[in-house]
Structures are given as structure tokens and as C-alpha cells.
1. Condition first: open to solvent by less than 50 Å² (accessible area, probe 1.4 Å) and either over 16 Å from Ala15 (Cβ atoms) or of a type in the set (Gly, Ala, Ser) (or both). Now tell me which residues in the stretch 185-206 satisfy that.
2. Could you list all residues from the stretch 273-302 that are aliphatic (A, V, I, L, M), without any contact (Cβ under 8 Å) to a residue 24 or more places away in the chain and within 28 Å of Phe481 (Cβ to Cβ)?
3. Would you point out which residue out of Arg119, Arg165 is in contact (Cβ under 8 Å) with a residue 24 or more places away in the chain, charged (D, E, K, R) and either open to solvent by 70 Å² or more (accessible area, probe 1.4 Å) or over 27 Å from Lys204 (Cβ atoms) (or both)?
4. Taking only the stretch 297-334 into account, find how many residues are at pLDDT below 95, touching a Ser or Thr at 6+ places or on another chain (Cβ under 6 Å) and open to solvent by 70 Å² or more (accessible area, probe 1.4 Å).
5. So the check is Cβ under 7 Å with 6+ separation or different chains; which pairs have a first residue in the stretch 331-343 that's free of Cβ contacts under 8 Å to residues at least 24 places away in the same chain and a second one that's open to solvent by 20 Å² or more (accessible area, probe 1.4 Å)?
6. Among the listed residues Gly271, Gly277, identify the single one that is of a type in the set (Gly, Ala, Ser) and either touching a helix residue (DSSP H, G or I) at 6+ places or on another chain (Cβ under 8 Å) or under 30 Å from Lys449 (Cα atoms) (or both).
7. Let me confirm something: among Gly29, Gly11, Gly83, which residue is within 13 Å of the ligand (Cβ to nearest atom) and either aromatic (Phe, Trp, Tyr) or under 29 Å from the mean Cα position of the chain (by Cα) (or both)?
8. Working carefully through the options Gln112, Gln101, find the one that is surrounded by 12 or more Cβ atoms within 10 Å (Cβ to Cβ), among the polar types (S, T, N, Q), under 36 Å from the mean Cα position of the chain (by Cα) and within 13 Å of the ligand (Cβ to nearest atom).
Amino acid sequence: MAQCFNIAIDGPAGAGKSTIAKKVAAELGSVYVDTGAMYRAMALYLHRKGLDPREAENNPKGFEEKVTALCREPEISIEYRDGVQVVLLNGENVNPLLRTQEVSDMASRSSQVGPLRKRLVELQQKLAKTTSVVMDGRDIGTVVLPDADVKVYLTADAKVRARRRYLENLAAKKSGRDLSPEDLDLAAIEKDVRERDDRDMNRKESPLRQAEDAVLVDSSDMTIDQVVEAILNLAAQKKGRPQVITARTAGFCFGVEKAVAAVYEEAAKGGDIVTFGPIIHNEAVVDDLKAKGVGVIEKKEEIPAHAGGTIVIRSHGVPRDLYEELAHSGARIVDTTCTFVKRIHEIVWKASEEGRHIVIIGNHGHAETLGTMGWSSSPVTVIETREEAEQFSEDLSTPITVVAQTTFHSDKFEELVAILQKKGYNTQVNNTICNATHERQLEARKLAKRADVMIVIGGKGSSNTARLYEICKAECEQTCFVQKAEDLHLHLTGTEKLIGITAGASTPKNIIEEVQKDVRRTDF
Ligand code: DC
């Protein structure tokens, strides 16, 4: 039998342990063991036997004696059905009954009783002997698996944890679960979280504490994916594999997210629906939408055929005359033009009406640039390169308004503007590169500086991804550009310490996740 690789995750209630442990286990092909659920199943049994949790305070000795006697009775076991842990209490699947306030309260109190813990710890240790597990609880790193390969102490601010539990309960209520009023009272939940912390940390039997060799992860300001990545990287380090770090800013920006969601929403309604140009520069998404009946039109002449349908304007925006033509086409128009692009259109329109010459620093032929050009009523010049900036010549008496394509390279924008300003023009400069793009580029550069290999994911036609590639390549020789996981042909030598991943604004999350998975599994 292959050697077991065990990960222990301890921490207070609501730190996200179970969600995270499940994901880590799925990534590593390990079994997730939720020990809290075992304590809960036992608590449910005690509750059914008529034990009152208040007795723990009124008559602690009596409570302890009753728990000690009762905890020997039930058969508690764990099964995995379709990859989900099912807790069986005397053969009954009690999973749906374990998350109520009553059971939580009883579990928190009864788990303080030594003999009950002894029974459950034995069961947990048996599970980890034969299979690689990711086990979460309160005493896993300290008592259950003191020799675990990776130990994490996962915590978060009590207020953050209470809010998370409240939102979870709200979602459960919406999906039809029967919950008590306290389950939906944020202040009551926070009070309960603090009381449970106090009991878990100050009990006599195996109190919750960070094992000396555990790594502290505070998830207050982290997303689930970031915590999962941090733990997978601890496991990678232990196995002598490179760490895989994905930029926080990788993937869909707010504008793209909104545009794509709007098209899926329209597709769900059915009927004739087309986008004017592909909604994003990503073949997988466009193909998926096509399968859902969403077509793409590219030319004005194609508009009349959809007069009775819905036409979506993509986030890149379109020229002014096209907006007008669409508005009068008879079709229902769903305008997903990014708000940052709309702002550029307004600047260009106003400045051109004042007779100013418009300079767009951006890519020739890019949909956003073409759309922006169409908002100028005076002459426009698109400048993409240093040479073009140097060759630019206009009457010095003509004032110039400069805007940037939202996804242009920030350093290059500064450089090209400096060249124009040196020529002595009266320039009014609007750095309209959107913040998301700027931050994505900064983070990509920082990550590429540290990385041995850098992977940039995005569509062929995505210019913001092409820019990310340029930025990363300048910092990390081993930078590769891929559209999807299958394009990746990594050749690792085994000496790599860090592999960085970033992705353009039009790269869907599932493609980023597939690449992450492939990278983590690549052999040396
Ligand atoms: O993680 P959870 O909230 O589902 O746990 C339920 C209770 O069980 C909690 O109050 C603490 C207790 N517990 C424990 O004492 N030791 C563990 N290993 C797991 C849970």
C-alpha cells in the first residue's frame, strides 16, 4: 500500500475548515474526514435520548456521567457516497440533521467529555491509517494525528466567522431547510461563535490550540480558493514539489463578468439572441453560448434579420452611429458596454465636439479602439508604438485629447504620452486604463519576478492577455501563453520552486482551474 499523506486542519467554528478541507482533499485525491460531524452525530443521539445541554451548566457532574454512559451506545460510522462523507448513526444517514443550532450547542458541550472523545478519536485514527486523509476538527494536529504531514491552524476574526455562518444559514433557509429564528440572527450567531470558541479553547479535554508545528492561516481576508492554494502549497513543499501561485487578479474583471452573465441570462430566456461581435475573446465561452442558441453577428447588414430578437452589445462598446442604428433596429438591445469604456466614449465625444484632435493610445483594430474611434466627431489618431508616437505630427495650434484603451499596458502608456508631450503639443491626458487592468499587470510582474515558470492564460485575440504575456516574459524567461489546459506542455526539471499563473480579463475561472490542476500534477 502506498504511504498515506495526511493533512490536519484545526481551528475554531466557522473558519471555513470543512469547505476548504473538502476542496484540498478533492485536489489531492484524498479522503475528507469531517470530525466535527462525528461529534454532531453523537450530540444528535444524546439529544434524542432527552439529554438537556443546559444540564452541562446546572449539573456538570450529572451531565458528564450521562454523556459517558450514553456515548457508548450508538454505532457511529463514516461512509463515502459519490465522494460525500455520510455520517451514519446506528445505520441512519444523519447528515441533514447535523447543522441545527441545537445540535451545535450539544456538540460543543458534550465534546468536552473525555470518554466520548476517546471513542471518536479511535475511529478517526483508524480512518487515517489506511487512507490519505484531509481531516478537520479541533484536536487533529495535537491529538488525533500528531504525525500528520501537514498541519494547519485555520482561523478568522469572530465577526467574519459569524457573518459567514449567517449567510450559510440564509442560503439553507432559501433552499427550504427548517431553521430556528436564532439561526438567522447575526448578533445571536456571533455570541454563540464566541461562546463556542471559549468552550473549545478552555476545556480540559484536548482544548483547541495551534500545534507547535502547525502553520497559522488567517482566512479573514482570503477567498476560499486562496486558502486552498496556500494549503496545497504546504503539501507541495512537503512533497518536494514546486509551489503553484495564481495571481489574485487573474481572470474575469467586473465588466466581463457582468457582460457574460447577461448573455447567459438572455440565453436562458430563449428566442432569437445574438451578440454584436463575440462577447469575449474566448472560444470556449463563445462555443458554449453557441450551443445554447446565442449567435454572433459582425456586420451592420446583419442587424435587420434580428429585428424581432435580442442583440447584445459587448463590453468593448461600439461606435456612436452603431448604437443609434441598433436603437432604431426594432430589436431589443442589451447593452453590456463596460462603464469604464462608456466614460471614454463621453470624454472623446465632448473633446471632439470642442474641436480637439483625439489620440487613442491602444491597439489598431481592437474592438474597443474601433468603438472609441466612432465617438469622435473630429480627426482621430491611434498610437500603439513608440515609432508611431514619434511620427505623430499635427498642427501645434490644435489641442489634443489623449485617452487610453482600458486594457493598455500602463508603462507603455506613460512612455508614449511623454513622447507626445515633448513635442510641445497642448495635450489633455486622460489615463483611462482601468484599475483592474493596472492591478492585474502589477501583480503579474511581481509574481513573474519570483517565478521559475510563469503561465499566462487567455484567448488568442485577447490583447490584455497578450500584454500580460509581454510583462511576464520580461521578468521570467520561462513564460508560456496558453488558451486552455491542453495547450500546456510543461517540462519541469524538479528544481523549480515556484510556478506562477495569471490570466486575462476574458479567461473563465474553470479554464484557470484546469490549468492549476494540470500544473500541480505535472511530473518532473
Ligand atoms: O467543526 P464543527 O463545528 O462541526 O464541530 C462541532 C463541535 O464538535 C464543536 O463544538 C467542537 C467539537 N469538535 C471537537 O471537539 N473536536 C473535533 N475534532 C471536532 C469537533
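1. Those that are open to solvent by less than 50 Å² (accessible area, probe 1.4 Å) and either over 16 Å from Ala15 (Cβ atoms) or of a type in the set (Gly, Ala, Ser) (or both): Ala188, Arg203, Ser206.
2. Val286, Ala291, Val296
3. None of the other options fit; the residue is Arg119.
4. Result for the stretch 297-334: 0.
5. What qualifies is Ile333/Ala327.
6. Of Gly271, Gly277, the one residue that is of a type in the set (Gly, Ala, Ser) and either touching a helix residue (DSSP H, G or I) at 6+ places or on another chain (Cβ under 8 Å) or under 30 Å from Lys449 (Cα atoms) (or both) is Gly277.
7. That would be Gly11, the only listed residue that is within 13 Å of the ligand (Cβ to nearest atom) and either aromatic (Phe, Trp, Tyr) or under 29 Å from the mean Cα position of the chain (by Cα) (or both).
8. Gln101
The values are calculated or read from the model by the stated rules, or taken from the named source; none is laboratory data. Bear in mind the structure is a predicted one, so any value in this text is a computation, not a measurement. With ideal geometry, Cβ positions are generated from the backbone for all residues, glycine too; neighbour counts draw on all protein chains shown. These area figures cover heavy atoms from the full protein model, side chains too; ligands, DNA and RNA do not enter into them. Shrake-Rupley method; radii C 1.70, N 1.55, O 1.52, S 1.80 Å.
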